[in-house]
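Data first, discussion second: the structure below is written as structure tokens.
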Amino acid sequence: MNNCSCIKNVKNEVSMDVLFELSEFFKFFGDTTRIRIIHLLLSGEVSVNDIAEKLNLEQSVVSHQLRILRTANLVKPRRDGRKMFYSLDDEHIGLIFNTGLTHILHKKGK
């Protein structure tokens, strides 16, 4: 079930530092607002204003969460004049999201 050609057969030689980074990485998925933003960005680039409107959130809340996601390299910004647009950093983020969602739905029997 290897959907990404870059995934190798990981053996037990993974260092504690890498495992720590992996643990920190998954913490960014532990917030419902961030998950909602990632879910929205699965469809492509969206402006900050549109994210706030579509998720019925204050722009300041969206900006704060996007800053956290950007710091974690989960999303990337693009400025067009005064508007800021965000998209997922790469296809791995969508793969991780969809794998987790598939697991949850499988466990729910759907």
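The values are calculated or read from the model by the stated rules, or taken from the named source; none is laboratory data. Not measured: the values here are computed from a predicted model. Here Cβ is always computed from backbone atoms with ideal geometry, including for glycine, and neighbour counts include all displayed protein chains.
Points to keep in mind about this one:
- Residue match in region 37-60 (condition: at positive phi and in contact (Cβ under 8 Å) with a residue 40 or more places away in the chain): yes
- Here Ser87 passes the criteria (1) in a helix (DSSP H, G or I); (2) surrounded by 13 or more Cβ atoms within 10 Å (Cβ to Cβ); (3) of a type in the set (S, T, N, Q) except the one numbered (1).
- Residue check, Ser60 at pLDDT 95 or above, of a type in the set (S, T, N, Q) and exposed (fewer than 14 other Cβ atoms within 10 Å of the Cβ): yes
- Annotation note: of Leu55, Leu42, Leu95, the sole residue that is at pLDDT 95 or above and touching a Cys at 6+ places or on another chain (Cβ under 7 Å) is Leu95.
- If you go through region 31-81 and pick out every residue that is in a helix (DSSP H, G or I) and more than 18 Å from Gly100 (Cα to Cα), you end up with 20.
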